[in-house]
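A quick write-up on the structure given underneath.
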Amino acid sequence: MKTFFSYLLITFILLPHMTLAKVDEFTLRPTMSTYEYLCQTQHMTPVSGLGNICNVVVKSEVCRNVPKKDLLKCNDIEKTQQLDAWEFIKGCAGGVFNSVKDLLDFFWEIMKWAWDNTTSSEARGKTSQQAREYLSSAKLYLNTEYQKAYAKSSPPMREMKAVGTMTGAMGKMILNAITDTVQKNYREFGCLNFEAKSEHICKLVGDILIPPAGFVAFLKYGPQAVKQFPNLKKLYAKDKPKAQATAPRPQAPVTYPTKAFAELAAKYPELAKTYEKIGKNLPMGAAPVTHPRDIRYDLTTGFRAVSPEEMLKRAETLEPEHAKSVVAAYNALNDKQMMKSYMEKLIAESAEWMAKKGRPEDIENLKKGIVTEQAIAVTLVKRLKDRGDLNFTTISRKKFSTGKIEFDPDEIKSPNDKFRAAVRTGPFFDNAFPVNTKGGRQNHGRYTHMLQRDMIAGALNKSTGGNPQKFWDFMGTKKGINYWVDLFDSENRNSFTRPEVISEFLNHNVTERRFMRDN
Amino acid sequence: MVFKLITFIVFFNSSLVLAAASDWNKSEMDESKIWIHKKNSDITGTILTIKRDGPLNWNDINKSSFYQRLEESKKRSLGIIGIHEWKASHYKFETVNGVERLMIEGTYVDSSGLEVLFKEIHVFQAQKTIQLLHTRPKALQTEKKYEEDFFSFALAEVDK
């Protein structure tokens, strides 16, 4: 969805001379996605004009191995090639959609998926009775519209003609879903011309849509589908364009956040490798939400006293300003691109600290491509202080000590009170979960909550109109603290809302712990 | 005499219901019965029955939230079949003969681009919900007789 809206942004801002009617999604959408990827990773200045964008993509490192005959022809990029999505899919899927009943059943499965995928847990799972009521009311329309269309159709193949009137949106959705998945796993797809794209997608359509209900599983897994469906992965690999026997194009240089780090990367090749690997090993995150009711509270039940159902009820009564910040924090921690950019800058800054410190052990670590826990912690604390976030505290299981911060004794009556006080006071070192000092790369970590605080600082600043303390004040209340677990201590193993995921990422890829063995 | 009068009234009402139904072509799909008006195939009526294990406890259900979820489900899934701009102009919960009902009225644009008026009635009986939908082109907005005709025989079926 984010890529699609970025594509629309680029279309309307950078291509003012193009009318929407001229922009063909199937041809241009993957290319725009590759262009967006290049802009974000290469930190390029955007260009205007479709031809210029095409040239940037085609001449980039991403397209290096694509055979010339399959490459986009930038001189012709503005000529559109119309594609009837449904007819294309039907043709590629062979006889899978020859039965109207099968097709209508397929429509219904997709409608159920669309509802399930974008609707809050309450409607999905609170009571299945209510969920059935909600969903079935959409079936009223499916059956009505089909019969209406049937009444207007004439033989032969009256039934197929009737259902054909309803397939426009469906066809486009299927094509975009497949194209987006291919694009996410295969950046070179954006380099291909119309014919090459059609050929690749057509081969995949049949496998994904047989049986048709299998497409719902494909929709659920999204970009993970390549891993989840071994046949798809195999087919996908078979279809990847083979490099021609020509001289390899020169590699485009990797762009680093600062000149100082660029010099370090040039000096310490292993450090450069560590940096370049960051984007490849990040967790997938979670789909963005527009309201706290859309957060998957059912994924985290272990640490929250309040049930998911109750959380959903409470989300409905949340004040809009707090709802906005909860959403901003959640989405930031689950935005893979945002977290990639964050980690790259953090690691670069931490490495620069090590180089400046210049101790023998720091230089040795830089040579090995290691950015130490200490460097990261120091960098983090410095960032928070520079931002005016100065009230550091420490909490632990035995005592929720709050360091030098004095609290009104009447206010603090229990450990929960102390935790809430720490949350609203400032960044805190969390000693509540013991760190495995003998090794072990998967632990809660002392400063992971501080990292999360730093990660969401920009998003919170925006959502609170420049006053992020409003969010922390709210989180430190009995009402606000209910959201703590799902934002900062979740059980989602694919998200930085879970501190262990942050630790695991850093300790597997960046810090000295990656050379330790797990206990 | 009174007996004959009552018999006549019952027969007369049944005739009206049957007369109304005869203006429509009926078909069945899954758990639905769909009627298409013989004079204009954009005028429709649909009944869908959903069975339940037990009654919905309206003392525990927030009706406003229930309606919002219902509305969301349509907005999120109807686009798949080419229905756009589905919006309700108003809705109302009411109790009729001890049975909870929900009525929703509004408009949408169908896959052919036609702007359509709709009226839904959900009847929440003990072991099932019966959902009724009437649609007609917005151009026939003032032709309420189609709506009245459909609901007269449809609700008669429901109340059996």
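How many of the residues making up segment B:73-100 are crowded, with 17+ Cβ neighbours inside 10 Å and of a type in the set (Asp, Glu)? So the count comes out to 1.
Only residues that are β-branched (Val, Ile, Thr), assigned to a strand (DSSP E or B) and touching a residue at least 40 places away in the same chain (Cβ under 8 Å): list them for segment B:30-48, please. Write out each step before concluding.
Pass one, segment B:30-48, residues β-branched (Val, Ile, Thr): B:34, B:36, B:43-44, B:46-47.
Subsequent filtering for residues that are assigned to a strand (DSSP E or B) retains B:34, B:36, B:44, B:46-47.
Result: B:44, B:46, B:47.
If you go through segment A:347-399 and pick out every residue that is open to solvent by less than 60 Å² (accessible area, probe 1.4 Å) and charged (D, E, K, R), you end up with 5.
In segment A:141-177, which residues are acidic (Asp, Glu) and within 10 Å of chain B (Cβ to nearest Cβ)?
Just the residues of segment A:141-177 that are acidic (Asp, Glu), to begin with: A:145, A:159.
Within segment A:141-177, just A:145 meets the criteria.
Scanning segment A:290-342 for residues that are closer than 23 Å to residue B:69 by Cα and basic (Lys, Arg), which turns out modelled with the highest pLDDT? Step by step, filter segment A:290-342, then rank; the result is A:324.
Here is a yes/no grid of residues against (1) of a type in the set (D, E, K, R); (2) at pLDDT below 80:
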{"residue": "A:16", "(1), (2)": "no, yes"}
{"residue": "A:29", "(1), (2)": "yes, no"}
{"residue": "A:45", "(1), (2)": "no, yes"}
{"residue": "A:60", "(1), (2)": "no, no"}
{"residue": "A:65", "(1), (2)": "no, no"}
{"residue": "A:80", "(1), (2)": "no, yes"}
{"residue": "A:90", "(1), (2)": "yes, yes"}
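For the criterion of being in contact with a His (Cβ under 7 Å, 6 or more places away or on another chain), open to solvent by 20 Å² or more (accessible area, probe 1.4 Å) and acidic (Asp, Glu), residue B:105 passes.
When A:287, A:305 are screened for being open to solvent by 50 Å² or more (accessible area, probe 1.4 Å), within 14 Å of chain B (Cβ to nearest Cβ) and part of a loop (DSSP other than H, G, I, E, B), only A:287 passes. Applying a threshold of 9 Å to beta carbon distances and a minimum spacing of six or more residues, or different chains, the list of pairs starting in segment B:52-66 at a residue that is at the interface with chain A (Cβ under 9 Å from one of its Cβ atoms) and on the phi < 0 side of the Ramachandran plot and ending at one that is open to solvent by 80 Å² or more (accessible area, probe 1.4 Å) and in a helix (DSSP H, G or I) reads B:52/A:132; B:62/A:313; B:65/A:313.
Report the residue count in segment A:185-208 for those that are closer than 13 Å to residue A:65 by Cα and within 23 Å of the chain's Cα centre (by Cα).
6
Filtering segment B:107-126 to residues that are within 11 Å of chain A (Cβ to nearest Cβ), out of contact with any Phe, Trp or Tyr (no Cβ under 8 Å at 6 or more places or on another chain) and not charged (D, E, K, R) leaves B:111, B:112, B:113, B:114, B:122.
Which of the residues spanning segment B:19-29 are within 9 Å of chain A (Cβ to nearest Cβ) and touching a residue at least 12 places away in the same chain (Cβ under 8 Å)? Within segment B:19-29, just B:25 meets the criteria.
Taken over segment B:67-106, the residue count meeting the criterion of being more than 7 Å from chain A (Cβ to nearest Cβ), more than 15 Å from the chain's Cα centre (by Cα) and among the basic types (Lys, Arg) is 2.
Residue check: residue B:75 meets all listed conditions (1) closer than 17 Å to residue A:145 by Cα; (2) at pLDDT 90 or above; (3) out of contact with any Lys or Arg (no Cβ under 7 Å at 6 or more places or on another chain) but one, namely (2).
The values are calculated or read from the model by the stated rules, or taken from the named source; none is laboratory data. In this text, all values refer to a predicted model and were calculated from it rather than measured experimentally. Because the Cβ atoms are built from the backbone with ideal geometry, glycine has one as well, and the counts that use them run over all protein chains shown. When the accessible area is computed, the model is the full protein with side chains, heavy atoms only, and any ligands, DNA or RNA have been set aside. Shrake-Rupley method; radii C 1.70, N 1.55, O 1.52, S 1.80 Å.
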